[in-house]
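Single-structure report; data block below.
Any read-out appearing in this document is the output of simple, stated calculations on the displayed coordinates, not a laboratory observation. Keep in mind that what you see is a predicted model, and the values were worked out from it rather than measured. Positions of Cβ are generated from backbone atoms using ideal geometry, with glycine treated the same way; all protein chains shown enter the neighbour counts.
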Amino acid sequence: MANHIEQAVEKLVLECIEGSDLELVDVEYVRERDWYLRIYIDKVGGIGVEDCQWLSERIGEKLDVADFIRDSYYLEVSSPGLDRPLKNLKDFVRHAGQKVELHTFAPINGKKIVVGTLKGLVDNNVVLDIDGTEVSIPKDKTSQVRLYIEF
């Protein structure tokens, strides 16, 4: 059910942001204590509160008209954050050259977490530079790839 709702909301969001400088990063429909519909957006230079408010108003209207979500839910529109997960090809292209933290389902060379500089996504393999060595890890073996934040 959640996946169907996420896909339908994604379509509506893409209609709303067409022609703008906003980019859809992700849509989540999750149950915590209550249901939450979370829409993550970004743009070159980063987004501001006014971008979130603008989209929230427009998507809220479209969701009210479409009325395909039966549960009551909270709508949240926000930035994916500094440590955002990389999910699609566009994410891997945009963040090439930046440090990422990659988690695997099973250990690879004894490690389930590696940190390196993202070179890109090539033939469905995440390519990293780890201390001067190029490493290629099949994307389907990764549970998560996130931007790495150094403190």
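Using 0.36 nm per residue and subtracting the Cα-Cα separation, the extra length available between Ala8 and Ala96 on full extension is 28.7 nm. Computed as a quarter of the hull surface, the mean projected area of the alpha carbon convex hull for the chain stands at 10.9 nm². Among the trypsin sites (Lys or Arg not before Pro) within region 36-76, those in coil by DSSP and having at most 10 neighbouring Cβ atoms inside 10 Å are Arg70.
By DSSP, what percent of the beta bridges with both residues in region 2-78 are antiparallel, rounded to the nearest 5? Before the final figure, lay out each step's value.
Numbers: 8 of 14 bridges.
So the antiparallel bridges in region 2-78 amount to around 55 percent.
The alpha-carbon positions of region 89-147 define a convex hull whose volume is 69 Å³ per residue. Per-residue extension of 0.36 nm, minus the Cα-Cα distance of Asp21 and Ala106, leaves a gain of 26.8 nm for this segment.
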